[in-house]
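Notes follow once the structure below has been shown.
The values are calculated or read from the model by the stated rules, or taken from the named source; none is laboratory data. It should be emphasised that the depicted structure is a prediction, and the values quoted were computed from it without experimental measurement. No Cβ is skipped: glycine too gets one built from the backbone with ideal geometry, and neighbour counts run over all protein chains shown.
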Amino acid sequence: MSARLARSTDGWWAVTPGGLVRLDLPAATTAGLLADRAHLAAAVEAAHARQQDAVPAESLDLVSPVTAPARVVAQAVNYRSHAIDSGFDPDTVPTAFFRKASHSITGPGGDIIRPDGVEFLDYEVELGLVIGADMPVGTTVTGENLARYVAALVVANDVSARQIQLVKTQFYESKSYPTFTPVGPWLTLVDAADLARLDSLRLTLSVSGELRQDSTVADMIVRPARALTLLSRFQPMAPGDLLLTGTPGGTALKAPAKLTGMVAGLLPPATRWKLFFKRQAANPRYLHDGDLILATIASPDGQLDLGTQWTPVIRKTP
């Protein structure tokens, strides 16, 4: 049975039916919190016995339950619906990873700040896996030992500056600006039984009340155990690190129609990009200043509920 934790500016809290109850733990980082999972489970159980001490979640300034610095790694094109939107064959799309700077992490209710000169800002709701044990290079992760390496799940949003990503072919910059990785609200601790039912999790994201993304983990192409095994061929991971597992279809950016793409391929690069972004400028689905993003991940029965983010988009003040 999963347990949910929250983090405020002054400590960790257990999410209980009556509200949030402070955990009697000194851990300053996610890695420290997960260092002794048996002790953590006992502290959570003790907190649930103190319902009289609960406070409303809205009375606290909740921050990301994944602390920086940490490795933040993301999978590219890992849902069938997103592969189709991106112009790929879901059955042959290659497995790829990229890094995000951990200073891009922000809390579940923090502002997403658009940097000066950045247009075509996009959203990507993602299931985040929080690592709970050292994964040296060469680690093999299976369905049987997945719970050893994945301690918790989180809601994340892989905010993307598409013009930088496409023109400069630069994932790291386009996805690493401060506030470009909202995480939380809850750190949902999981066991093997929880991880066995990941397919039931539904990811949804709305922008200013309009539903944009709505899919389940069953649409995922490369499953978590396989993804972690592939990643560990070259990248070690440690407790408190975060793997974002891809986004479903429904993002603002979509591949052009096949014929349009073929014609554009005959043009010089400068002309091609000029025409492409002229079309993108007419796309109303990109994020605008003042938009409010709601992102949530939960199972239909509520047994696995990672919570809901509420992140407004604002322009950086010069």
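I'm checking my understanding of the structure. Among residues of region 57-97 that are in a loop (DSSP other than H, G, I, E, B) and among the aliphatic types (A, V, I, L, M), which one is nearest to the chain's Cα centre (by Cα)?
Within region 57-97, the first condition is being in a loop (DSSP other than H, G, I, E, B), and the residues that meet it are 60-61, 64-71, 77-78, 86-95.
From what is left, the residues that are among the aliphatic types (A, V, I, L, M) are 60, 66, 68, 70, 77, 93.
Numbers: 60: 22, 66: 11, 68: 15, 70: 14, 77: 13, 93: 21 Å.
Ranking the candidates gives 66 first.
From the list 218, 193, which residue is within 30 Å of residue 43 (Cα to Cα) and outside any strand (DSSP E or B)?
Matching residue, one of 218, 193: 193.
Since residue 54 meets every condition but one in (1) crowded, with 17+ Cβ neighbours inside 10 Å; (2) within 21 Å of the chain's Cα centre (by Cα); (3) closer than 18 Å to residue 11 by Cβ, which condition does it not meet?
Only one criterion in (1) crowded, with 17+ Cβ neighbours inside 10 Å; (2) within 21 Å of the chain's Cα centre (by Cα); (3) closer than 18 Å to residue 11 by Cβ is unmet by residue 54, namely (2).
How many of the residues making up region 173-188 are surrounded by fewer than 24 Cβ atoms within 10 Å (Cβ to Cβ) and more than 15 Å from residue 243 (Cα to Cα)?
Number of matching residues: 4.
Just to be sure I understand, how many residues within region 223-232 are under 16 Å from the mean Cα position of the chain (by Cα) and either among the basic types (Lys, Arg) or surrounded by fewer than 20 Cβ atoms within 10 Å (Cβ to Cβ) (or both)?
1
Hey, among 246, 250, 209, which residue is touching a strand residue (DSSP E or B) at 6+ places or on another chain (Cβ under 9 Å) and surrounded by fewer than 18 Cβ atoms within 10 Å (Cβ to Cβ)?
209
Condition (residue is assigned to a loop (DSSP other than H, G, I, E, B), among the hydroxyl-bearing types (Ser, Thr, Tyr), under 24 Å from residue 224 (Cβ atoms) and under 17 Å from the mean Cα position of the chain (by Cα)) applied to region 114-124: is it met by at least one residue?
For region 114-124, residues assigned to a loop (DSSP other than H, G, I, E, B), among the hydroxyl-bearing types (Ser, Thr, Tyr), under 24 Å from residue 224 (Cβ atoms) and under 17 Å from the mean Cα position of the chain (by Cα): present.
Which residue out of 181, 140 is closer than 25 Å to residue 314 by Cα and touching a residue at least 60 places away in the same chain (Cβ under 8 Å)? If you could, list the steps in order and put the result at the bottom.
Working: 140 fails: closer than 25 Å to residue 314 by Cα.
The match here is 181.
Go through region 123-145 and give me each residue that's over 15 Å from residue 70 (Cβ atoms) and buried (at least 20 other Cβ atoms within 10 Å of the Cβ). Explain how you work it out, then say what you get.
Taking region 123-145 as the starting set, the residues that turn out to be over 15 Å from residue 70 (Cβ atoms) are 123-127, 136-145.
123, 124, 125, 126, 127, 141, listed by residue number.
Take the conditions outside the structural domain of residue 10 (by TED's automatic domain parsing), hydroxyl-bearing (Ser, Thr, Tyr) and in contact with a helix residue (DSSP H, G or I) (Cβ under 6 Å, 6 or more places away or on another chain) and apply them to residue 86. Does it pass?
Against the criterion (outside the structural domain of residue 10 (by TED's automatic domain parsing), hydroxyl-bearing (Ser, Thr, Tyr) and in contact with a helix residue (DSSP H, G or I) (Cβ under 6 Å, 6 or more places away or on another chain)), residue 86 does not qualify.
Mind listing whichever residues of region 12-45 are surrounded by 13 or more Cβ atoms within 10 Å (Cβ to Cβ), over 19 Å from residue 151 (Cβ atoms) and not basic (Lys, Arg)?
16, 18, 19, 20, 21, listed by residue number.
Can you tell me how many residues in region 229-258 are of a type in the set (A, V, I, L, M) and over 20 Å from residue 105 (Cβ atoms)?
5
Output yes when any residue across region 21-32 is in contact with a strand residue (DSSP E or B) (Cβ under 6 Å, 6 or more places away or on another chain), within 18 Å of residue 237 (Cα to Cα) and either in contact (Cβ under 8 Å) with a residue 12 or more places away in the chain or polar (S, T, N, Q) (or both), and no when none is.
Checked against the condition, which is being in contact with a strand residue (DSSP E or B) (Cβ under 6 Å, 6 or more places away or on another chain), within 18 Å of residue 237 (Cα to Cα) and either in contact (Cβ under 8 Å) with a residue 12 or more places away in the chain or polar (S, T, N, Q) (or both), region 21-32 yields no hits at all.
Which residue is modelled with the highest pLDDT, if the candidates are limited to region 243-285 and must be part of a helix (DSSP H, G or I) and of a type in the set (D, E, K, R)?
Taking the candidates together, the pick is 279.
Quickly run through region 12-42 and pick out the residues that are out of contact with any helix residue (DSSP H, G or I) (no Cβ under 9 Å at 6 or more places or on another chain), assigned to a helix (DSSP H, G or I) and closer than 16 Å to residue 130 by Cβ. Reasoning before the result, please.
Initially, region 12-42 is screened for residues out of contact with any helix residue (DSSP H, G or I) (no Cβ under 9 Å at 6 or more places or on another chain), giving 28-32, 35-39, 41-42.
Pick out the ones that are also assigned to a helix (DSSP H, G or I) and you get 30-32, 37-39, 41-42.
Result: 30, 31, 32, 37, 41.
From (1) at pLDDT below 95; (2) touching a strand residue (DSSP E or B) at 6+ places or on another chain (Cβ under 8 Å); (3) of a type outside the set (S, T, N, Q), pick out the condition that doesn't hold for residue 306.
So the condition that residue 306 fails would be (1).
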